[in-house]
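Each remark here refers to the structure printed beneath this line.
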Amino acid sequence: MYAYILVVPQSHDELARAEFHAFTGCDTASRIGLASAAIDISRAAFISTCIHIIAQGASLEELCADISAKGLAWEGFRIENFCPSEKLKFTSLEPVIAVADAITGRPDLSHPSVRLGLIATPDLWALGPIISEYAFDWPAHEKRPYFYSGSLPTRFARAMVNLVASPGDTLIDPCCGVGVALIEALAIGVNAVGCDVNPKLVGRTVDNLRALGLPQRVFVADATRLTGSYDAAVLDLPYGRNVSHGDELYTDLLRTLGTIARRIAVVAARDLSAELSDNLGLRVLRHIQVPKSNNLVRHLHLTAAR
Ligand SMILES: C[S@@+](CC[C@H](N)C(=O)[O-])C[C@H]1O[C@@H](n2cnc3c(N)ncnc32)[C@H](O)[C@@H]1O
């Protein structure tokens, strides 16, 4: 069994759980997810750590008893504790010391040969080696030259890409703006391309990609006329002053994407679930609401072609 730790800024729980599901195929209702497979989470936005659970129990005492019964031995270990639930926080090092005492072998806090994750939740205490961590590389992408007011947050964009694509998949970002999602896709090895109807923004995406050492795979196009075939698409729908044709533009964009991409993550300022499934023939697999500033909400729809 493997435990995955979700590190989530306030109100992004739903998005983090969706990312966990995309990686493992499993669901979780908390900030820790359990799965039977070990998955490389280096490209994740919200999954910080994967721990291979070797010992467990319903309490600290049961965990220590399991460690002793299994005769678990590590030389030069360091224990790192994870308490992903608000309901249980360590107020002293006592639990860590109790677990260390149950292990055969000496700890080495400065130069550990193995890092052990200690998970403490109200109903599960578990221990095992940390086998994978996220690269936490997206903050570097915030040093790009160009931003604009309509841009997606970088971490949100990373998770959005992860919901629909894996390294090696083909992906299109058809309304790429200054390229935030395109950058995240290219950075994790997705075979991505972007376009935008606005040549100035495409120029800025080129500059952003170049500054980050990424291939400048972007072109000017009206996305309602795209052709081709992609494993996935991420669509951050235009809104506000950008939308001159209102919902007609949405329908045209989504209908086109539905014919060229198998999985689409759609971000909108309102819930489009009914339109997507009733009028556009897409299966809405998840509808995730992520609050942003000014009491506004981003609606992220994870869809698949029927
Ligand atoms: C909400 S913004 C996307 C922002 C982008 N995700 C980013 O982070 O920079 C929507 C974008 O859609 C583009 N757009 C509007 N109509 C379009 C169309 N028909 N084809 C392609 N792009 C279009 C706008 O120029 C704008 O850049």
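Key figures
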{"quantity": "Percent accessible area from carbon and sulfur atoms, the chain, protein chains only, probe 1.4 Å", "calculated": "50 percent"}
{"quantity": "The chain: angle of helix 247-260 to the longest principal axis, Cα-based, in degrees nearest 10", "calculated": "70 degrees"}
{"quantity": "Label-to-label distance, nm, for residues given as residue 73 and residue 239 (7 Å Cα→Cβ offset)", "calculated": "6.0 nm"}
{"quantity": "Loop sites in segment 38-143: GluC sites (Glu not before Pro), DSSP, at most 10 other Cβ within 10 Å", "calculated": "86"}
{"quantity": "Principal-axis tilt of helix 154-164 within the chain, Cα atoms, nearest 10 degrees", "calculated": "90 degrees"}
{"quantity": "Between 0 and 90°, nearest 10: helix 199-211 axis offset from the chain longest Cα axis", "calculated": "30 degrees"}
{"quantity": "Computed Kirkwood radius, in angstrom, where 1/r is averaged over Cα pairs of segment 2-133", "calculated": "15.1 Å"}
{"quantity": "The chain: relative contact order in percent, alpha carbon pairs under 8 Å with at least 6 residues between", "calculated": "14 percent"}
{"quantity": "Net charge of neighbours whose Cβ lies under 10 Å from the Cβ of residue 41, counting Lys and Arg as +1 and Asp and Glu as -1", "calculated": "-2"}
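The values are calculated or read from the model by the stated rules, or taken from the named source; none is laboratory data. Computed from a predicted structure; not experimentally measured. All Cβ positions, even for glycine, are placed from backbone atoms using ideal geometry, and neighbour counts span all protein chains on display. What goes into the accessible areas is simple: the full protein's heavy atoms, side chains included, and nothing from ligands, DNA or RNA. Shrake-Rupley method; radii C 1.70, N 1.55, O 1.52, S 1.80 Å.
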